[in-house]
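These notes are about the structure you will find just below.
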Amino acid sequence: MIDLLPVSLLDWLVSGLVVLLVVLVLFSLLRRIWRGKPGRLYVQKLMFTPEGATALTLLEQAAGSQLRVFPSVPMTEVLALSPELGKAHRETAWQDMFGEKLDFVLCSPKELRVRLVVALVDDSLSQADGRHRHTLLARIEDAGLPVLHLSPKDWPTPAELRDELQSLLKPAEAAPPLPGGRQEPVLSLPDEEPDDEPRFRL
């Protein structure tokens, strides 16, 4: 029996490591047995921040039923890469907008063609992130889409917001026909509203 005991220091170290490993394995197995079945894996979360919820309500009131408001739209769903770009510039342009989301997008109700982008002013962004966001919004305007900036520090009234939408959506040059021969109607807002419901004439 004595012959089975470790003799050298190295034997004692190896034996100690083996015993420690066995203890750790047993401890891990016992923890799984004692822990039992897991509880809830998920909990509900809010879809909108308080600022986002307020902006959505204002936009819906100002746009009425003649424009559809879509929140949190991926930028890649609104803009496509220009076919004039070379390979290197295409990759850079794609990386710049990949994963970016637009706060709100207003579309014509039937064709669902994007008419306007709404961006919430975010003072919490770092200087670098703020410059990046400003550049992306400028490129959206360069692509022909108006951008409306809403500040949570100074919310407009629904009537004021309606006027801003009207000024941004004034009819310009006729849009080129879409594939398939369709012609996008021009969105026009009246100068005076006969009732409380804003009406956008297509």
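What to note about this one:
- Dipole size of the stretch 50-168 about its Cα centre, with +1 on Lys/Arg Cβ and -1 on Asp/Glu Cβ: approximately 340 debye, rounded to the nearest 20.
- The Rg/Rh ratio for the stretch 50-168 is 0.98, where Rg is the radius of gyration of the alpha carbons and Rh is the Kirkwood radius.
- Charge dipole of the stretch 1-133 about the Cα centre (unit charges at C-beta), most positive-ward option of Trp94, Leu112, Thr76: Leu112
Throughout, read-outs are computed from the coordinates displayed, never taken from laboratory work. Fair warning: this is a prediction, and the values are worked out from it, not measured in the lab. Ideal geometry is used to build each Cβ from the backbone, glycine not excepted, and the neighbour counts take in all protein chains shown.
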